[in-house]
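The values are calculated or read from the model by the stated rules, or taken from the named source; none is laboratory data. Quantities reported herein were computed from a predicted structural model and do not represent experimental measurements. Every residue, glycine as well, gets a Cβ built from its backbone with ideal geometry; the counts of neighbours run over all protein chains shown. Remember, those area values only see protein heavy atoms, side chains included, never the ligands or the DNA or RNA. Shrake-Rupley method; radii C 1.70, N 1.55, O 1.52, S 1.80 Å.
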Amino acid sequence: MIKIYVRFNIRVCKESKDTPPRSPEIVDLKQPSFQKFAKQEIAHARKIGCYSIARNYGTALRSFLCFYGRKDIYFHEITSSLMQDYEKWLKSRVGMSTVSCYFRSLRALYNKAVERDLCRQKFPFTRVYTGYPKTEKRSITVPEVHKLQALKLEAGSFAELARNLFVISVLLCGMPFVDLAFLKKSQIKNNILTYNRHKTNYAVRIRLEPCMCTILNHYAESSTTGYVFPLITASDEKTAYRQYKGKLCYYNKVLKKLGQMANIKSNLTSYVPRHTWASVAYQSGVELPVIAKALGHASSQTSLHYIRGIGDDRLHTANAQLVEQFVNNGKITRRGKTKGHRMCSSAQEV
């Protein structure tokens with residue numbers, strides 16, 4: 001008679017309530033990997049110079065895998081219930097802005113995979129928070145813009161540069177700091193400034209008024225690089241992006257001090273010019289589709305249809321009227337003078 005002995009090794013692990021649920025380690029190797037796909041998209045974003053997007057994708061992916069407890073996850077494992085568990089886990093660790101940012105990044109990656117037929121659309125993000133929580137007021141008033149313009153600052157100092165960047169950002173329909181930093185002289189032609197938003201790649205065209213030309217040409221004529229402003233000197237993209245991030249940090253620190261000097265109650269940051277232009281435009285009766293076009297917003301196909309239907313002339317006219325409000329009694333340059341136009345032309349020829 002043959003006797004068979006079976007030995008069982010049983011291990012009991014006590015998990016804390018903060019421990020995320022772990023899926024079994026047995027995986028189907030034929031299933032496409034979400035982690036590998038995400039890393040490919042991160043590499044692609046870096047390759048085309050979208051470093052902010054690459055960073056957001058990478059941060060969200062690391063957080064999600066930390067929650068999941070494995071080095072990889074497959075598309076068929078991404079479900080609505082798993083996302084809700086992840087949301088609960090996140091809320092005990094980070095704020096709602098971060099929660100939303102992570103889910104928007106993961107959703108963008110997931111939807112790209114759906115478009116490429118790597119997985120079937122199961123809408124796993126419909127029950128988690130992907131909105132935008134209310135934040136403190138980020139816009140300032142027209143008189144406060146005038147206060148900032150009136151500050152007497154040392155010529156050639158970074159404080160003067162920061163103030164001028166803030167003002168030109170407002171005048172250029174809230175042009176983001178990243179797009180100002182990477183603005184090249186070649187993007188100014190025939191008194192039209194054209195740029196593609198780093199965040200969305202949406203093209204924005206702005207007709208230059210004399211007061212804008214004064215600021216732009218002041219820096220363009222003394223610039224020894226292809227850029228308008230003295231913020232980036234590197235030629236390779238990675239180093240240039242690091243320089244931009246460093247200057248952005250310093251810019252925000254200096255803006256905070258300038259706001260205190262001008263007795264502005266709101267905390268000045270790189271976001272304030274954009275919100276200021278939009279708020280003043282809306283209060284002045286500028287149509288929402290025109291504002292959306294100026295800001296480069298195209299969040300849905302419907303709004304994109306309306307935005308593209310707005311002619312550039314309507315945007316130029318609306319901004320020209322707003323510039324009259326922002327310019328402090330014509331101290332940057334008066335409309336009647338031709339100096340601004342000549343300076344713009346010289347910038348175009350550089």
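What the table shows:
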quantity: One residue from ARG138, ARG127, ARG163 being in contact with a Ser or Thr (Cβ under 8 Å, 6 or more places away or on another chain) and either crowded, with 16+ Cβ neighbours inside 10 Å or part of a helix (DSSP H, G or I) (or both); calculated: ARG138
quantity: Residue in the stretch 244-262 that is under 17 Å from LYS147 (Cα atoms), open to solvent by less than 40 Å² (accessible area, probe 1.4 Å) and either assigned to a loop (DSSP other than H, G, I, E, B) or in contact with a strand residue (DSSP E or B) (Cβ under 7 Å, 6 or more places away or on another chain) (or both) present; calculated: yes
quantity: Residue in the stretch 176-187 that is farther than 16 Å from LEU231 by Cα, surrounded by 18 or more Cβ atoms within 10 Å (Cβ to Cβ) and modelled with pLDDT under 95 present; calculated: no
quantity: Checklist (1) without any contact (Cβ under 8 Å) to a residue 24 or more places away in the chain; (2) open to solvent by 20 Å² or more (accessible area, probe 1.4 Å); (3) part of a helix (DSSP H, G or I) applied to ALA54, failing item; calculated: (2)
quantity: Test result for SER279, modelled with pLDDT of 50 or more, more than 27 Å from ALA108 (Cα to Cα), touching a Ser or Thr at 6+ places or on another chain (Cβ under 7 Å) and open to solvent by less than 80 Å² (accessible area, probe 1.4 Å); calculated: yes
quantity: Flag for LEU231 being of a type outside the set (D, E, K, R), surrounded by 13 or more Cβ atoms within 10 Å (Cβ to Cβ) and modelled with pLDDT of 80 or more; calculated: yes
quantity: Residue match in the stretch 114-124 (condition: over 25 Å from TYR250 (Cα atoms) and part of a helix (DSSP H, G or I)); calculated: yes
